[in-house]
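Undergrad: This is the structure, below, for whatever I ask next.
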Amino acid sequence: MKKITILGATGSIGIGALDVVAKNPKKFKVVALTAGGNIKELARQIALFKPSVAACATKQAAGELKRLTGNSRTRILYGASGIEEAAASPRADIVLSAISGAAGLKPTLAAIEAGKTIALANKETLVAAGQIVTRRAKKKKVMILPVDSEHSAIFQCLSGQKKNLLKRLILTASGGPFYNLTQAGLKKVTVAQALRHPRWKMGKKITVDSASLMNKGLEVIEARWLFDVDISRIDVLIHPQSVVHSLVEMIDGSVLAQLGIADMRIAIAYALAYPQRIQNDLPALDLSKEGRLDFYPPDLRRFPCLELAFEAGRRGGAVPAVMNAANEIAVGAFLEEKIRFVDLPDIIARVMSRCPAVKNPSLADVLAADGEARRQANQAIEQMKRG
Ligand code: NDP
């Protein structure tokens, strides 16, 4: 029986993971859950899974949670320190890191420091502080298992392969809802349209990132750290059917791929059960119904966020953290209809251009760069609104 902590339990990945747990009660037991502000959902989960510990973002939310959970035995914590304490909860074997955004960084580091295996969905953790996180994981002899479907695919393809025989990684991208729009069309897209992803059901931030292709850019940097491969050896292919989840090319020209339906519970269950595989009741992939699989190179001119991420990855240091923070602020402003979809890359590029070069940043450097980038992004948004 594996004991699991879920950070970001009330989100799309967290709920998917709890579904996997509920369907495999003999294999998994939940010991800690964390959320931000969705207390009703967290209270429902506490009643169902009876974790020893639960944590939420604020004292006020914790008060409400205590009221909703009545005399449950679950210890309730709150605030950043409460979430980090839950992340390091001694009873867990594995911690699913599924908070969205850079808010997931410190709890993930706390879990690593506590020696827990990490099932990583929160890609922003590796984007902001890939070197720090992978170094600490190595020092603590902690495995980081990918949950992102592309990285899970690569991880599976590389299993049993010698690292020096790998030529390049090829991440696939659905292209999102706007891939066939012209530049003029992109200027008019609405928030509701951006939130309608053609293939995957996900949280709002990652759905907008998928529409702008920033999600793929974040994944390029995530792959760089997860698999210790230089950015120059990572490519992206648009694949609208989202059947081939990613590929690896070996030095002899063999290309290995992992295929499956677009349901995150497969990658979540793979990471949680690793090195085993578990059965599920999801529909099987039927390639005869799929009919055709298309692949083409990404259009970086219409989707500059992907190019910005490649640039951040190449520049390294604190630049990816800056890009990630600027993107989080810009996506938030887009969701609040303060800026247009096409303004996203402009804001990110503006903040990145002012970013000082910090080589081998410490955690404090990364957090400072993140804070400064957020301030500058907010300033750029205000300037944009004033015209
Ligand atoms: P959601 O927005 O659906 O969920 C985010 C979770 O994080 C919620 O539980 C939310 O709590 C919690 N949270 C957000 N901010 C904070 C904070 N400051 N402190 C504490 N908790 C917080 O996101 P997803 O599940 O879609 O994505 C989660 C992560 O997984 C992201 O990094 C994403 O890129 C990655 N990922 C997601 C995929 C997907 O299919 N959804 C696929 C691959 C990767 P609450 O709602 O209670 O406020």
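The values are calculated or read from the model by the stated rules, or taken from the named source; none is laboratory data. Bear in mind the structure is a predicted one, so any value in this text is a computation, not a measurement. Here the Cβ is made from the backbone with ideal geometry for all residues, glycine too, and neighbour counts use every protein chain on show. These area figures cover heavy atoms from the full protein model, side chains too; ligands, DNA and RNA do not enter into them. Shrake-Rupley method; radii C 1.70, N 1.55, O 1.52, S 1.80 Å.
Undergrad: Go over the candidates L237, L226, L256, L247 one by one and state the one that is crowded, with 16+ Cβ neighbours inside 10 Å, under 26 Å from I132 (Cβ atoms), in contact (Cβ under 8 Å) with a residue 40 or more places away in the chain and not charged (D, E, K, R).
TA: After ruling out the rest, the residue left standing is L226.
Undergrad: Separate question: What number of residues within segment 191-223 are more than 11 Å from the ligand (Cβ to nearest atom) and either open to solvent by 40 Å² or more (accessible area, probe 1.4 Å) or charged (D, E, K, R) (or both)?
TA: 6
Undergrad: Looking at (1) surrounded by 20 or more Cβ atoms within 10 Å (Cβ to Cβ); (2) out of contact with any Asp or Glu (no Cβ under 6 Å at 6 or more places or on another chain); (3) assigned to a helix (DSSP H, G or I), which is the one condition that is false for F310?
TA: (1)
Undergrad: What helices (runs of 4 or more DSSP H), lying completely within segment 166-276, carry at least 2 residues that are under 17 Å from E150 (Cβ atoms) and of a type in the set (S, T, N, Q)?
TA: Filter on segment 166-276 gives 204-212.
Undergrad: Follow-up. Sort out which residues of segment 148-180 are open to solvent by 60 Å² or more (accessible area, probe 1.4 Å) and over 18 Å from S232 (Cα atoms), and write them in order of number.
TA: Result: S159, G160, Q161, K162, N180.
Undergrad: Okay, moving on. Scan segment 81-95 for residues that are open to solvent by 70 Å² or more (accessible area, probe 1.4 Å) and within 15 Å of the ligand (Cβ to nearest atom) and report the count.
TA: Matching residues across segment 81-95 total 2.
Undergrad: Within segment 96-113, is even one residue surrounded by 20 or more Cβ atoms within 10 Å (Cβ to Cβ), out of contact with any Ser or Thr (no Cβ under 8 Å at 6 or more places or on another chain) and free of Cβ contacts under 8 Å to residues at least 60 places away in the same chain?
TA: The answer is yes; a qualifying residue exists.
Undergrad: I've got another one for you. Name the residue that is nearest to L105 (Cα to Cα), counting only residues in segment 31-50 that are away from the ligand (no atom under 14 Å from the Cβ) and not in a helix (DSSP H, G or I).
TA: The qualifying residue nearest to L105 (Cα to Cα) is V31.
Undergrad: Which of the residues that make up segment 293-305 are in contact (Cβ under 8 Å) with a residue 12 or more places away in the chain, surrounded by fewer than 23 Cβ atoms within 10 Å (Cβ to Cβ) and either in a helix (DSSP H, G or I) or under 22 Å from the mean Cα position of the chain (by Cα) (or both)?
TA: Across segment 293-305, the qualifying residues are P298, P304.
Undergrad: Give segment 26-73 a look and list any residue that's touching a residue at least 24 places away in the same chain (Cβ under 8 Å), more than 30 Å from Q279 (Cα to Cα) and either polar (S, T, N, Q) or open to solvent by 20 Å² or more (accessible area, probe 1.4 Å) (or both), or say none.
TA: If the condition is that a residue be touching a residue at least 24 places away in the same chain (Cβ under 8 Å), more than 30 Å from Q279 (Cα to Cα) and either polar (S, T, N, Q) or open to solvent by 20 Å² or more (accessible area, probe 1.4 Å) (or both), then G36, G37, N38, K40, A57, E64, L68, T69, S72 are the ones that fit.
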